[in-house]
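FYI, it's all coordinate maths here, none of it is from the lab. Computed from a predicted structure; not experimentally measured. Ideal geometry is used to build each Cβ from the backbone, glycine not excepted, and the neighbour counts take in all protein chains shown.
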Amino acid sequence: MGIKTVYEDCDILVVGGGMGGTGAAYEARYWGRDLKIVIAEKANIDRSGAVAQGLYAINCYMGTQWGENNPEDHVRYARNDLMGLVREDLAFDMARHVDSAVHKFEEWGLPFMKSAETGRYLREGKWQIMIHGESFKPIVANAARNSADKIYNRIMVTHLLMDESKDNRVSGAVGFNVRTGDFHVFRAKAVIIGAGGASHIFKPRSVGEGMGRTWYAPWSSGSAYALSLQAGAKMTQMENRIVLARFKDGYGPVGAYFLHLKTYTQNAYGNEYETTWYEDTKAMVGEYIDHQPTPTCLRNHAFVKEVAAGRGPIHMVTKEAFQDPHLEEVGWENFLGMTVSQAVVWASQDIDPKYINPELTTSEPYVMGSHATCSGAWCSGPEDLSPDEYYWGYNRMMTVDGLFGAGDAIGGTAHAFSSGSFTEGRLAAKAAVKYIKDLRNEKFSVSDKQINDFKQTVYQPLENYQVGRNEIVSGTVSPSYLLPTQGLQRLEKCMDEYVGGISVNYMTNDKLLERGIELLDIMEEDFEHLGAEDLHQLQRAWELKHRLLTSQSVAQHTLFREETRWPGYYYRGDHMKLDDENWHVLTLSRRDPETGEWAMEKAPVYHIVD
Ligand SMILES: Cc1cc2nc3c(=O)[nH]c(=O)nc-3n(C[C@H](O)[C@H](O)[C@H](O)COP(=O)(O)OP(=O)(O)OC[C@H]3O[C@@H](n4cnc5c(N)ncnc54)[C@H](O)[C@@H]3O)c2cc1C
């Protein structure tokens, strides 16, 4: 093959330079002054990941210096929102360190809004503080740039390399440059994955001309999960997908509206509807409905039921708040710093929220470990906090030696958000440095065969296209290959219909899941025949393959958990109740990299905070 191979040997490889990845690079340099630290990022770290467009609020800040919250409070909050199930050791660990990360952001030039009375960060809610955050990402990228030895932008990492001298040990990664087409081989002693969450695995509400508009970043392609799964890492809570109530068509965020503008929702007939569904919800989940604040999924549940009862759409009542010129400005600015498209959609649909209450809708499901849900890799917690089952030597190390993760990549730590993901990157990097120092002079072995086999696999879609293209004279449908867009639509349709997406009102059951899993397995065979016309499509092909593996994991976990733990996120029609007796547990899976077989198990939930 006439493709150039570029080798890079380093100590720590950070895959993905988003919030977790930049935090990892920064901290790795602090502890590992003499180590070689490299970032491989598929876009450009200045504007990559979920924070690319900026944020209006940092959603996780304790404010311990002012006695506002303590880490324990945040664990209780996250546990409550997730209906009892989080990794409390990881959550506590993140919460006790997150404030220092936020202080760093300010030191590096991120403008914070401050309260005129107290001089403290301006609170939007109990956990959120408000920022002028358009440049949030370039600011943390700069810190990473000052720390890393080398940053490779435009490298789509496709696979991890495994050490051939020791079982179950990672030794780097491979990928390709999406602009030059070069094949990149990174040999590393430790790898930290910060490759973000997964959008576009379920059919989105925005299709056709709106395709690509999603709530979670459209470029979050599940790589964090797929890379870990391919290496044989255990995953946790992959069934815990998230559905969000957001402004219709633009997926604009509602947090600032609820918390700062004090807007509220009502049904199409101007009535409050959440109390209508109180008894119904109580019958499903018991006393969880009485928890304060009401878990997000249960609020979604009332929304979904109200619409299904024929009283939709649900509106956000903005007309009152927008009479105040200051709040009106905040309402618009909230989008301009974060989701410009929502302002554009409203303009295009003649919606001025001062005079019209805009519609909300519930989104398609997404999978992530840093926002309000906690899917991701099963990892070790910190030495001083974690019970035996949660601890195997190095904080945030997965069940594969030398493989660490942060942010969306790591399971069990909901409500970390931007600041918490950056913090997790720091924690993972500190542990990775210790891991490398403990290795001393141990040698790694990665054969040319392993590298060349990956090279062959990575570029196969280009080959498929070139050969198959000869069989057709025009159009896009070939008997020999499938284009990435076609494959993506097939995947989204399957996940939507069988695994609980929007068209079935988030409903699934054992039979649907079993069939869905069969169809996903067939897709895995078919995706061997993906055809990529150019490097851009080659990236799409690999993103699709990563999304498929993520989807398989979601389907397996959803089948395993025989209860409806999070109504409003999804429903198991054959087990319509929350079942604390049997399922107050974390779900774990491992996909055997050799056979593709999935092994499922339960892990205990330890409540380390009262
Ligand atoms: C719409 C939206 C609104 C949000 N609002 C807020 C908010 O108001 N406040 C808040 O605090 N948080 C908010 N968040 C959450 C926050 O953005 C995430 O929690 C955080 O970015 C997760 O960090 P991460 O490092 O896991 O992923 P990301 O920051 O998404 O970074 C992942 C990185 O990996 C790269 N990558 C992916 N795949 C590959 C691959 N195969 N090879 C190489 N590189 C790869 C990506 O390009 C990206 O740079 C919001 C997120 C979204 C999407």
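Summary of computed values
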| quantity | calculated |
| --- | --- |
| Pairwise label distance in nanometres, residue 280 with residue 518, each label 7 Å out on the Cα-Cβ vector | 3.3 |
| Whichever lysines have a C-alpha closer than 21 Å to that of residue 449, once near sequence neighbours (fewer than 8 apart) are set aside | 4, 166, 189 |
| Over the stretch 493-547, relative contact order from alpha-carbon pairs under 8 Å, at least 6 apart, % | 22 |
| Ascending count of other beta-carbon atoms within 10 Å, so fewest first, for 22, 265, 294 | 294, 265, 22 |
| The chain - convex hull of the alpha-carbon atoms, volume per residue in Å³ | 149 |
| Where labels lie 7 Å past Cα in the beta-carbon direction, separation of residue 437 and residue 31 in nm | 0.8 |
| Pairwise FRET efficiency - residue 581 versus residue 9, Cβ, R0 = 51 Å, nearest 0.05 | 0.45 |
| The stretch 563-610 - percent relative contact order, Cα under 8 Å, separation 6 or more | 27 |
| Per residue, the convex hull volume that the Cα atoms of the stretch 354-420 enclose (Å³) | 123 |
| Within straight-line cross-link reach of residue 430, aspartates and glutamates at Cα separation under 19 Å, skipping those fewer than 8 residues along the same chain | 11, 27, 34, 89, 93, 99, 149, 383, 384, 401, 408, 438 |
| Simple spin-label estimate for residue 348 and residue 336 in nanometres, 7 Å along Cα-Cβ | 2.0 |
| Under the Karplus curve 6.51 cos²θ - 1.76 cosθ + 1.60, θ = phi - 60°, whole-Hz ³J(HN,Hα) for the stretch 362-373, x wherever Gly or Pro sits | 8, 7, 5, x, 10, 10, 6, x, 10, 7, 8, 10 |
| Sites residue 470 and residue 383 - FRET efficiency at Förster radius 60 Å, r taken between beta-carbons, to 0.05 | 0.50 |
| Between the stretch 567-610 and the stretch 71-102, the Cα center-to-center distance that results, in Å | 20 |
| Backbone N within the stretch 324-351 under 12 Å of label point (7 Å from residue 122 Cα along the Cβ vector) | 326-331, 333-334 |
| Local net charge near residue 328, Cβ-Cβ under 15 Å (Lys/Arg +1, Asp/Glu -1) | -2 |
| Residue-count net charge about residue 479 - beta-carbon cut-off 13 Å; Lys, Arg +1, Asp, Glu -1 | -1 |
| Net charge of neighbours whose Cβ lies under 11 Å from the Cβ of residue 533, counting Lys and Arg as +1 and Asp and Glu as -1 | +1 |
| FRET efficiency, residue 448 to residue 594 (Cβ-Cβ, R0 22 Å, nearest 0.05) | 0.60 |
| Shape call, the stretch 237-354: gyration tensor on alpha carbons, a/c limit 1.5 | prolate |
| GluC sites (Glu not before Pro) lying in DSSP loop within the stretch 57-121, provided at most 15 other Cβ fall within 10 Å | 117 |
| Computed over the stretch 87-204, Kirkwood Rh from alpha-carbon pairs, angstrom | 18.3 |
| Helical contribution to [θ] at 222 nm, DSSP H n ≥ 4, -39,500 (n - 2.57), averaged over the chain, rounded to 500 | -11500 deg cm²/dmol |
| Contact order relative to length of the stretch 1-101, as percent, for alpha carbon pairs under 8 angstrom and 6 or more apart | 21 |
| Only Lys, Arg (+1) and Asp, Glu (-1) charged, at Cβ; the chain dipole about Cα centre in debye | 1280 |
